[in-house]
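The values are calculated or read from the model by the stated rules, or taken from the named source; none is laboratory data. Everything quoted here is computed from the prediction, not taken from an experiment. Backbone-built Cβ (ideal geometry, glycine too); neighbour counts: all protein chains shown.
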Amino acid sequence: MRTRAVILAGGEGSRLGVLTAKRAKPAVPFAGKYRIIDFALSNCVNSGIFDVLVLTQYRPHSLNEHIGLGRPWDLDRTFTGGVRLLQPYQGRHDTDWYAGTADAVTQNINFIRRGSPRNILILSGDHIYEMDYDMLVRYHEENEADATVCVIRVPLSEASRYGIMAVDENNRIIEFVEKPPVPPGDLANMGVYVFRLDVLEELLREDAARPDSKHDFGYNIIPRMIELGMRVMAFPFGGYWIDVGTIDAYWEAHMDLLGSPPSLDLNDRSWIIHTRSEERPPVRIDRGAIIEDSLITDGSVISSGARVIRSVLSPGVFVGPNAVIRESVILTDSYIERDAVIERAVIDKGVVVGQGARVGEIIPGPDLGIVCIGKNSTVPPRFVVRRGTVLGTDLLAEDVKAQFPDGVVPANVQVSFRGGR
């Protein structure tokens, strides 16, 4: 066996706020019909890698339900390969919550080494990109590397969010620092690694014995390899890639899809992004509705006089008469009532925006001011929700009215239910 893929999908994704209150970050919906993890899974099968382990942890239920036996990705294989979902468990030797990315792999090493694959491909389950991993593995083997790290240039202003490295003239990594406050460069770690299995096992065994370690690939494993003089190569990636780790990044990634041409072409039939989809009726667009530069998914209804501009609507979204949606992302089965206006907002599943309500606003400047409304919450009729505000999950109209009797939710506040039901 040449290569086994391990997708790290246990992250809490706390910076995504209410979008991950009830689901793991890799299970967050994306681009109308997908989940974030669909991109890593689809990259694997499109690259000819059909042996995939998915390591889950935080709120794994929606992720487990979505992946199931792996049929949409042709990963429902009985004898060889396929997809397996692994999470912390109790047995003869108890495991604990993963202390870091490397620890997650360590706790599952018996499954990862099974069958003695030559290479272990380590992937993050929460990035949006398309990559041929077979090219990466061949590059790794041709360079006789102990490990290979995928790298991409990022704006220097954002470099402190990533692992930053320096390379020599042969793309061998000679310096690596994780999330430096003052970045020494802009060559960033994408969180995609290839290791020789024997090298990986040795490094994980050593790291597990170090009480001062964060047990993380970026903070510990890669710097340790460089310290030991091991052969760690950088694989330059020139395509589109984004870590949708914040609400702003999540919103920006959707806006990138609406460009002309889009930053990521989901219509490319040579690189299909597979997903598990439920059956929904066709989109209905009433006479007099206006839709511009948008993605509209099955089961959505756009009523007469409604306008949807530069927005993404997931399955089953209802847009009432004369409602306006601009530069927003609306998730499954949300209901936008008559005359409501939504601008620069991310609306989670099952949200109701009442008649004549106004959510968010577009103001030029570096602060995007994205409004985010949690799953199954309600914005009362004629209420105003100012820019940058976050409404929590399961808020009833009465909850919002009780906290803001004047009908205005101020900008940049966090709103949750005060009390019990």
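Going by what's in this entry, would GLY125 be described as surrounded by 18 or more Cβ atoms within 10 Å (Cβ to Cβ) and at positive phi? Before the answer, list the steps.
Numbers: surrounded by 18 or more Cβ atoms within 10 Å (Cβ to Cβ): yes; at positive phi: no.
So GLY125 does not fit the description; no.
Tell me whether region 109-116 contains one or more residues that are at pLDDT 95 or above and farther than 27 Å from ARG23 by Cα.
In the first step, residues of region 109-116 are kept if they are at pLDDT 95 or above; the result is none.
Scanning region 109-116 turns up no residue that is at pLDDT 95 or above and farther than 27 Å from ARG23 by Cα.
Would you be able to say whether some residue in region 382-394 is in a loop (DSSP other than H, G, I, E, B), closer than 26 Å to ILE302 by Cβ, of a type in the set (A, V, I, L, M, F, W, C) and at pLDDT 95 or above?
yes
Looking only at region 283-293, decide whether some residue is within 23 Å of the chain's Cα centre (by Cα) and buried (at least 18 other Cβ atoms within 10 Å of the Cβ).
Scanning region 283-293, I find no residue that is within 23 Å of the chain's Cα centre (by Cα) and buried (at least 18 other Cβ atoms within 10 Å of the Cβ), so the answer is no.
What number goes with the only condition from (1) buried (at least 24 other Cβ atoms within 10 Å of the Cβ); (2) under 18 Å from THR378 (Cβ atoms); (3) not polar (S, T, N, Q) that ALA306 does not pass?
(2)
Across region 315-329, what is the number of residues that are more than 15 Å from ASP293 (Cα to Cα) and either within 23 Å of the chain's Cα centre (by Cα) or surrounded by fewer than 24 Cβ atoms within 10 Å (Cβ to Cβ) (or both)? Before you say what the answer is, go through the steps one by one.
Restricting attention to region 315-329, the residues satisfying the condition of being more than 15 Å from ASP293 (Cα to Cα) are 315-323.
This time we only want the ones that are either within 23 Å of the chain's Cα centre (by Cα) or surrounded by fewer than 24 Cβ atoms within 10 Å (Cβ to Cβ) (or both), so: 315-318, 320-322.
Going through region 315-329 one residue at a time, the tally reaches 7.
Name the helices (runs of 4 or more DSSP H) wholly within region 180-279 that hold at least 1 residues that are touching a residue at least 60 places away in the same chain (Cβ under 8 Å) and within 14 Å of PHE30 (Cβ to Cβ)?
Details: elements: 197-208, 222-227, 247-257.
Correct list: 247-257.
Could you count how many residues in region 229-247 are buried (at least 16 other Cβ atoms within 10 Å of the Cβ) and either over 30 Å from ARG138 (Cα atoms) or touching a helix residue (DSSP H, G or I) at 6+ places or on another chain (Cβ under 6 Å) (or both)?
Qualifying residue count, region 229-247: 6.
On the given criteria, is LEU197 surrounded by 20 or more Cβ atoms within 10 Å (Cβ to Cβ) and within 19 Å of ARG113 (Cα to Cα)?
Details: surrounded by 20 or more Cβ atoms within 10 Å (Cβ to Cβ): no; within 19 Å of ARG113 (Cα to Cα): yes.
Spelling it out, it is not the case that LEU197 is surrounded by 20 or more Cβ atoms within 10 Å (Cβ to Cβ) and within 19 Å of ARG113 (Cα to Cα).
Based on what the data block shows, is ARG307 touching a strand residue (DSSP E or B) at 6+ places or on another chain (Cβ under 7 Å) and of a type in the set (Lys, Arg)?
Working: touching a strand residue (DSSP E or B) at 6+ places or on another chain (Cβ under 7 Å): yes; of a type in the set (Lys, Arg): yes.
Judged against the criteria, ARG307 is a match.
Any chance region 149-163 includes a residue that's under 23 Å from GLN107 (Cα atoms), surrounded by 13 or more Cβ atoms within 10 Å (Cβ to Cβ) and touching a Phe, Trp or Tyr at 6+ places or on another chain (Cβ under 9 Å)?
Yes, there is a match, as at least one residue in region 149-163 is under 23 Å from GLN107 (Cα atoms), surrounded by 13 or more Cβ atoms within 10 Å (Cβ to Cβ) and touching a Phe, Trp or Tyr at 6+ places or on another chain (Cβ under 9 Å).
Hey, does region 155-172 have a residue that's touching an Asp or Glu at 6+ places or on another chain (Cβ under 9 Å), small (Gly, Ala, Ser) and not in a strand (DSSP E or B)?
Yes, region 155-172 contains a residue that is touching an Asp or Glu at 6+ places or on another chain (Cβ under 9 Å), small (Gly, Ala, Ser) and not in a strand (DSSP E or B).
Conditions: (1) closer than 20 Å to ALA411 by Cβ; (2) part of a loop (DSSP other than H, G, I, E, B); (3) at pLDDT 95 or above. ILE363 meets all but one. Number of the miss?
(3)
Which one of these does THR148 not meet: (1) out of contact with any helix residue (DSSP H, G or I) (no Cβ under 6 Å at 6 or more places or on another chain); (2) closer than 20 Å to ILE242 by Cα; (3) of a type in the set (Val, Ile, Thr)?
(1)
Of the residues in region 250-278, how many are closer than 15 Å to ILE36 by Cα and crowded, with 17+ Cβ neighbours inside 10 Å?
So the count comes out to 9.
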